């Protein structure tokens with residue numbers, strides 16, 4: 001059988017924006033505008049996710065470094081860009097963007113990384129948060145604000161209606177609690193879009209562990225605000 005000659009082994013792509021513009025020219029404001037964080041925070045994130053984002057050993061081609069892999073993921077998560085547009089911006093194929101997205105999200109869920117940063121505040125942290133809410137909004141004993149949003153998904157064919165929310169499109173419900181600095185300390189994303197807010201709360205770890213929330217030295221227990 002005759003061997004077919006490839007017309008193109010690898011397409012020409014440019015990484016100039018990342019390698020020259022971002023790494024060499026961007027200031028902190030530009031980092032925040034494009035990646036939703038400062039350069040310092042980005043470098044810290046790269047160190048945290050390095051165990052599951054680093055290239056495989058002995059690759060056939062020159063591997064994409066961890067910093068660029070994380071930048072691709074953060075840029076995608078922080079924007080509404082299509083995979084194709086993100087790929088063109090960084091000079092990679094769109095399948096590469098998808099691969100890094102899966103690696104990042106799977107690693108975050110399966111490793112203990114997420115629990116190091118998103119966790120119930122300890123007593124000192126709760127007191128500090130309650131003090132900020134008291135001073136700024138005159139609301140006592142508040143250690144967080146809770147709300148939910150809908151994450152669009154491609155639903156399974158079996159049980160499609162369970163995922164359709166009140167706005168008519170399929171989703172998962174994300175319930176989150178933030179402190180006075182808008183930092184997450186609890187998240188839950190396992191209920192289908194049709195679930196009522198009350199059911200989402202009752203099925204969350206936050207509800208099950210409410211008795212473990214820190215008390216801040218008052219007869220009135222701490223609470224979370226919602227709309």
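The values are calculated or read from the model by the stated rules, or taken from the named source; none is laboratory data. This one's a predicted model, so the numbers in the text were calculated from it and none came from an experiment. Cβ coordinates were reconstructed from backbone atoms using ideal geometry, including for glycine residues, and neighbour counts include every protein chain displayed.
The set of residues in region 183-216 being touching a strand residue (DSSP E or B) at 6+ places or on another chain (Cβ under 9 Å) and closer than 14 Å to residue 126 by Cα consists of 184, 185, 186, 213, 214, 216. Among the residues of region 89-97, is there at least one that is touching a helix residue (DSSP H, G or I) at 6+ places or on another chain (Cβ under 9 Å), surrounded by 14 or more Cβ atoms within 10 Å (Cβ to Cβ), at positive phi and outside any helix (DSSP H, G or I)? Scanning region 89-97, I find at least one residue that is touching a helix residue (DSSP H, G or I) at 6+ places or on another chain (Cβ under 9 Å), surrounded by 14 or more Cβ atoms within 10 Å (Cβ to Cβ), at positive phi and outside any helix (DSSP H, G or I), so the answer is yes. Using the structure shown, decide if residue 216 is modelled with pLDDT under 90 and in contact with a helix residue (DSSP H, G or I) (Cβ under 9 Å, 6 or more places away or on another chain). Taking the combined requirement at face value, the residue satisfies it. Does residue 177 qualify as being touching a helix residue (DSSP H, G or I) at 6+ places or on another chain (Cβ under 7 Å), modelled with pLDDT of 95 or more and either closer than 24 Å to residue 78 by Cβ or not assigned by TED's automatic domain parsing to the domain that holds residue 52 (or both)? Judged against the criteria, residue 177 is a match.
Condition test on residue 102, is it assigned to a helix (DSSP H, G or I), touching a residue at least 40 places away in the same chain (Cβ under 8 Å) and either surrounded by 13 or more Cβ atoms within 10 Å (Cβ to Cβ) or within 23 Å of the chain's Cα centre (by Cα) (or both)? When the stated conditions are applied, residue 102 does not pass them. For the structure I just gave you, tell me whether residue 72 is in the same structural domain as residue 105 (by TED's automatic domain parsing), outside any helix (DSSP H, G or I) and surrounded by 16 or more Cβ atoms within 10 Å (Cβ to Cβ). Answer is no for this residue. The set of residues from region 152-174 being crowded, with 16+ Cβ neighbours inside 10 Å and at pLDDT 95 or above comprises 163, 165, 170, 171, 172, 173, 174.
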